[in-house]
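One structure below.
Just so it is clear, none of the values below were taken in a lab; they were calculated from the coordinates. Since the structure is predicted, the reported quantities are computational estimates derived from the model, not experimental observations. We place every Cβ from the backbone using ideal geometry, glycine too, and count neighbours over all the protein chains shown.
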Amino acid sequence: ITGRATAVAHPNIALAKYWGKRRFGHNLPAVPSLSVTLAGLSTLTTVEFDDTLTADELHLGGRPAAPGPLARVTGLLDRVRAATGRREHARVVSHNDFPTAAGLASSASAFAALAFAASAATGLSTAPDAVSDLARRTSVSAARSAYGGFVALRAGEPADEVLPATPIAPEDHWPLRVIIAVTAEGPKDVGSSEGMKHTVDTSPYFPAWVDDAPALYARIHAAVLARDIAALGAAAEASALRMHASAIAADPGLLYWTGPTVAVLTEVRRLRARGTPAFFTIDAGPHVKVFTLPEAEAEVTATLLQIPGVLRTISAKPGGGARLDGG
Ligand code: DP6
């Protein structure tokens, strides 16, 4: 064994959505995004370089992983090997304490934890910007989970050699609550990487999404700094709906929503009409993430649990960035 480290990272939920990559460069986002990193949900990943291995190994939740996830992990490890001149393969063991591949942003925490652990195991920098850039090359949203609190990632430019995320406010800046309404079990149909590529390639609305996203991003950034939930809600819902509009307009259309998804959106707007601060965002899956403030958390949760098709809820608040475990 020539190097071993364990890291923890948390998922993040985008308020300003990333959807689509630049046609140039290494996994550079086409639009700026802004997220909140969540406490309470974690990925724990151990990386162990071992010169007796003949290939990288990946165990997810106690089982050998499928070829797809293993290839992405090897891609990240290849970058670490290239940067350090090492040749050894690695054994990677990862556990999530929340449902994977169900649109709950498991790739963000997974690749942030992997980037941190692989860097620590090989003596590469574990400074958050280095971890963020390394994670971003495999999964863009993972760049944001390197940091805690409220985190921004600008769009990629042709000259970008590196592109890490940037923290804009710490986790105690605003006690936003995120309540995930889980509307299905099991993995989603079309993963985000694949879904956004299909959107870039076939949606006539994709250029409009890219043109419009920076202005929405600016409203979301300002609303987070001002702790203005009404302004944040309006702009964040627009970001999610316009992202999904670009996907729905692909050929064939990409529809992540189910009946219960729409029922939750309707109910969130009804809550708001009654004066309760609640707004939604939706990622590449049928679940809905509802944002609210601590004083309305119980009411929002009870309301969501009464909607037919909502299986359960998961509540989270802003949390910290990726870190070494066991210290
Ligand atoms: C809808 O970061 O999973 O969650 O860069 O291809 O790994 P890759 O995509 P990924 O996409 C996340 C998309 C999203 C919105 C967001 O998190 O900003």
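Remarks
- Straight-line cross-link reach from Lys197 at under 12 Å between alpha-carbon atoms covers these aspartates and glutamates, not counting any fewer than eight positions away in the same chain: Asp251.
- Here's how it looks for His89: its modeled amide H is under 5 Å from those of Asp50, Leu53, which are all 5 or more places away or on a different chain.
- Amide H contacts under 5 Å for Leu293, placed H, 5+ residues apart: Arg177
- Highest average packing first - 30-39, 112-121, Cβ atoms within 10 Å: 112-121, 30-39
- Taking θ as phi - 60° and the Karplus parameters 6.51, -1.76 and 1.60, the scalar couplings of the stretch 109-124 work out to 5, 4, 7, 5, 5, 5, 4, 5, 5, 5, 5, 5, 5, 10, x, 6 Hz in sequence order, x denoting glycine and proline.
- Principal-axis tilt of helix 128-138 within the chain, Cα atoms, nearest 10 degrees: 90
- Centre separation in Å (Cα based) which lies between the stretch 215-271 and the stretch 143-193: 15
- Cα gyration tensor shape of the stretch 113-236, rounded if a/c is under 1.5, else prolate or oblate by comparing a/b with b/c: rounded
- Annotation: the antiparallel percentage among DSSP beta bridges lying fully within the chain is about 90.
- Neighbours of Ala296 by Cβ distance under 11 Å: Lys/Arg scored +1, Asp/Glu scored -1, total 0.
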